[in-house]
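Coordinate-derived values only; no laboratory data. Keep in mind that this is a model prediction, so the values were computed, not measured. For neighbour counting, all protein chains shown are included, and Cβ atoms are generated from backbone atoms with ideal geometry for every residue, glycine included.
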Amino acid sequence: MSEIVKHQPTTIYIKPTKGLAALNLRDLWVYRELVFFMVWRDVKVKYKQTLLGMAWAVIQPVMTMLVFTFVFGSVAKVATDGIPYPVFSFAALLPWGLFEVALNQGSRSLVAHNNMVTKIYFPRLILPMSSVFAGLVDFVIAFVILIGLMFYYKIAPAYNLLWTLPFFILLAIVTALGVALWLSAINVRYRDVNQALPFLTRFWLFVTPIAYSSEIISGKWQYLYYLNPMAGVVDGFRWALLGTGIGPGPTLWVSTGISILIMISGLFYFRSMEKTFADTI
Amino acid sequence: MTTAISVNNLGKRYQIGAAETKFRYNMLRDVLVDTVYAPVRLAKALVGKSDRRTNQNFIWALKDISFDLDEGKVLGIVGRNGAGKSTLLKILSRVTEPTTGTVSVRGRVGSLLEVGTGFHPELTGRENIYMNGAILGMKRGEIDKKFDEMVEFSEVGQFIDTPVKRYSSGMYLRLAFAVAAHLEPEILVVDEVLAVGDAEFQKKCLGKMNDVAQQGRTVLFVSHNMSAILRLTQEAIVLNKGKLIKRAPTPEAVDFYLASGQAESGERVWEVDEVSAMSAPFKPVAIRIRERSGKVVDTVRSTEPVMVEFEYHLDAPVTGLRVGMYLNTMRGEYVFTAFDTDDAKQFEQFGARAAGRYISRCEIPADFFNEGRYYLGVNASSFGVKRYFMDENAISFNVDISGAPGTQWPELRQGPIRPRLNWKIEKVD
């Protein structure tokens with residue numbers, strides 16, 4: 001070894017963490033580069049040894065949009081507030097795509113990296129977090145397509161787009177991360193999660209206003225419907241991008257509240273289970 | 001002198017059965033039933049009638065461990081399988097949390113266990129170095145600075161921009177080791193028992209450990225190999241069933257371990273929880289030392305043949321299997337290594353074995369052992385494929401030399417064997 005890096009070693013105290021452990025955000029900060037590397041790796045590896053490469057990030061949402069347009073737009077003729085159906089559904093598929101990645105990759109992230117979990121220390125939060133962030137890359141690509149679609153159909157973006165859209169993107173991330181935290185931690189112990197995921201994804205897709213407009217949900221069912229945080233996220237996206245549908249209002253606050261609740265409870269649940277991950281995985 | 005590691009009343013409790021249920025996932029059903037009964041359990045706990053399962057389904061892998069280690073010291077950790085050595089290292093490297101007690105660790109802890117963790121086959125050597133470095137807690141600048149050194153150390157040179165899935169296993173291991181070796185932690189923990197790779201690679205690990213110790217860093221070394229412990233450490237602790245039973249200068253600790261840690265019955269039986277799940281499908285059952293009459297004994301006579309039998313169970317058919325033993329002296333010198341299929345014909349017949357219970361038995365001839373205590377290690381492996389099971393210190397036995405060659409002189413004979421040689425004396429002049 002040519003040189004020894006001289007830095008004052010810090011003392012680490014290891015002790016059992018009791019109850020709702022502190023979130024230890026300091027460690028997360030120390031390991032921030034790892035988040036970057038994990039995201040970078042996920043993106044890099046995702047389309048390796050595929051013929052179409054990054055094109056898949058375009059093909060998947062576009063194909064879904066085409067199928068929806070045919071079934072719900074042309075055959076079933078779902079009401080869309082005068083928005084061409086392709087744009088109407090694509091604006092919803094954007095946040096849904098992000099959520100779907102988080103649901104599937106995020107929930108499996110701990111089990112998929114079990115060799116890391118059982119061998120070394122790092123804040124385990126990094127695994128579900130980087131899965132969710134890796135989904136953002138596909139999100140950006142899909143967003144470019146949406147802009148193209150809006151140009152094609154000559155739809156002017158809603159005037160409040162610039163300052164409201166970031167909020168809804170953040171809400172989508174919070175929702176996705178919250179669900180990923182819960183499911184990834186449960187998956188360490190109960191692999192039932194793996195079995196439930198395909199069904200859960202499909203079910204969730206149907207109870208979220210992607211193929212149809214949320215305005216068809218009426219009266220007393222409305223609040224029940226908005227217990228699904230993704231309903232608020234999708235509504236918000238449509239409102240911010242296209243200026244249609246239910247804007248900010250009581251239903252959105254219900255969804256936002258649920259999102260934040262899932263996220264915070266997910267963080268605490270994750271932290272309290274974290275200490276046994278290496279033993280039970 | 002500053003303290004590098006300070007361990008206070010450390011304890012780690014595991015749920016029993018965790019090893020068995022490891023591959024049989026718990027069902028959500030169990031937890032639902034559990035949830036329904038949760039108020040009942042709570043009520044019982046409140047009235048002081050504690051639920052039986054909360055008391056009985058746990059085992060303490062570590063209990064009341066306390067010790068301090070000064071900076072720059074090399075500490076050996078010895079103990080049987082299941083004594084808690086690996087659990088201790090896992091707690092020190094923060095992979096798992098203790099149940100009770102505290103540890104304070106001064107500086108970064110690195111272990112040679114983590115070699116190659118996070119390597120992705122699709123990424124190139126260069127990309128994996130950065131990825132792996134970040135996982136081990138290195139800063140990007142730190143990796144940049146040591147990058148060339150790591151590449152040189154790994155000898156993969158021109159292939160650094162090739163995906164590692166195209167590497168040979170040797171190249172892969174060298175690259176992985178290069179990153180771990182350049183982490184330069186203040187504290188290094190080495191678990192030789194779990195070290196992967198071939199003998200050469202293990203040698204490299206030990207060499208690296210020596211370097212680190214020489215630089216005045218703190219090292220914790222776990223091994224079943226007493227000669228390695230004696231060679232590389234000055235001080236050692238002995239763990240037994242999760243308790244620290246001795247801390248002493250290494251020669252004294254090793255003597256203590258070898259003399260006391262043994263079942264002095266001539267038989268060693270493996271409990272289910274002593275065998276790692278990693279050894280599947282091989283399951284050791286027992287090893288026995290028998291004298292000529294067939295009796296299981298702790299002390300054998302040098303003038304009589306000794307029967308060693310190793311009983312084991314195969315849960316699934318195994319090909320290329322060889323089951324064998326290492327014979328060592330008290331001081332950790334090898335006397336010999338032998339396998340049950342050493343004979344080529346025997347290997348043809350028993351190299352592939354169906355599932356079932358087996359006994360591999362051999363006879364060590366009379367007039368072989370010298371005076372003292374020997375210990376037998378066992379090993380089951382398929383050459384070049386996998387080492388299923390190894391316990392370098394499975395059982396020990398005493399040798400009584402009455403009647404052996406040269407016993408008319410009451411002196412200590414050097415050397416581990418005491419053969420009855422066919423001396424011829426002739427007068428040539």
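Side notes on the structure shown:
- Kirkwood radius for region B:267-400, taken over all pairs of different Cα atoms as the inverse mean of 1/r, rounds to 15.3 Å.
- Computed E for residue A:79/residue A:152 - FRET, C-beta separation, R0 30 angstrom, nearest 0.05: 0.90
- Cα centre as origin, Lys/Arg/Asp/Glu Cβ charges: region B:267-400 dipole, Debye: 280
- Take the Cα of residue A:167, step 7 Å toward its Cβ, do the same at residue B:363, and the gap between the two points is 9.1 nm.
- Per-selection Rg to Rh, region A:141-188 - Cα, Kirkwood hydrodynamic radius: 1.20
- Pairs of Cα atoms nearer than 8 Å and 6+ residues apart set the relative contact order; for region B:267-400 it is 29 percent.
- In this label model, residue B:64 and residue B:412 are separated by 3.6 nm, measuring between points 7 Å along each Cα→Cβ vector.
- Both numbers refer to the Cα atoms of region A:25-280; Rg and Dmax are 18.7, 57 Å.
- Charge dipole of the protein assembly as shown about the Cα centre (unit charges at C-beta), most positive-ward option of B:233, A:167, B:2: A:167
- Mean separation of Cα contacts under 8 Å (6+ apart) over length of chain A, as relative contact order %: 26
- Modelled spin labels at residue B:355 and residue A:59, positioned 7 Å past Cα toward Cβ, are 4.2 nm from each other.
- Expressed as a whole percent, the proportion of Cα-Cα pairs in region B:63-260 lying more than 27 Å apart is 32%.
- Over 18 Å (Cα to Cα) - which of A:44/B:165; B:90/B:139; A:46/B:165; B:85/B:386 fall in this group: B:90/B:139; B:85/B:386
- Helix axis angle, A:250-274 relative to chain A longest principal axis, alpha carbon, degrees: 20
- Take the Cβ atoms of residue A:192 and residue B:245, set R0 to 51 Å, and the FRET efficiency comes out at 0.75.
- Span from the region A:98-162 Cα centroid across to the region A:33-81 one, whole angstrom: 11
- Within the protein assembly as shown, percent of DSSP bridges classed antiparallel, to nearest 5: 80
- Across region A:51-183, the relative contact order, built from alpha-carbon pairs under 8 Å that are at least six residues apart, equals 35 percent.
- 222 nm mean residue ellipticity, helices alone, for the protein assembly as shown (DSSP H n ≥ 4; -39,500 (n - 2.57); rounded to 500): -13000 deg cm²/dmol
- Toward the positive end of the charge dipole of the protein assembly as shown, with +1 on the Cβ of Lys and Arg and -1 on the Cβ of Asp and Glu, the farthest Cα among A:208, B:158, A:193 is that of A:208.
- Gyration tensor over alpha-carbon atoms, region A:100-199, equivalent ellipsoid semi-axes in Å: 33, 14, 12
- Under 19 Å from the residue A:115 label point (7 Å along Cα→beta-carbon), backbone N, region B:270-299: B:277-280
- The charge dipole of the protein assembly as shown, taken about its Cα centre with unit charges on the Cβ of Lys, Arg, Asp and Glu (plus for the first two, minus for the last two), comes to roughly 1520 debye.
- Over the Cα atoms of the protein assembly as shown, the radius of gyration divided by the Kirkwood radius equals 1.07; this is the Rg/Rh ratio.
- FRET efficiency estimate (nearest 0.05) - Cβ-Cβ, residue B:149 to residue B:371, R0 41 angstrom: 0.20
- Loop-located trypsin sites (Lys or Arg not before Pro) in region A:175-227 (DSSP state not H, G, I, E or B) with no more than 10 neighbouring Cβ atoms inside 10 Å: A:220.
- Net charge dipole size for region A:127-281 [Lys, Arg +1 and Asp, Glu -1 on Cβ; Debye, nearest 20]: 80
- In degrees, nearest ten, helix A:229-242 long axis to first principal axis of chain A (Cα): 50
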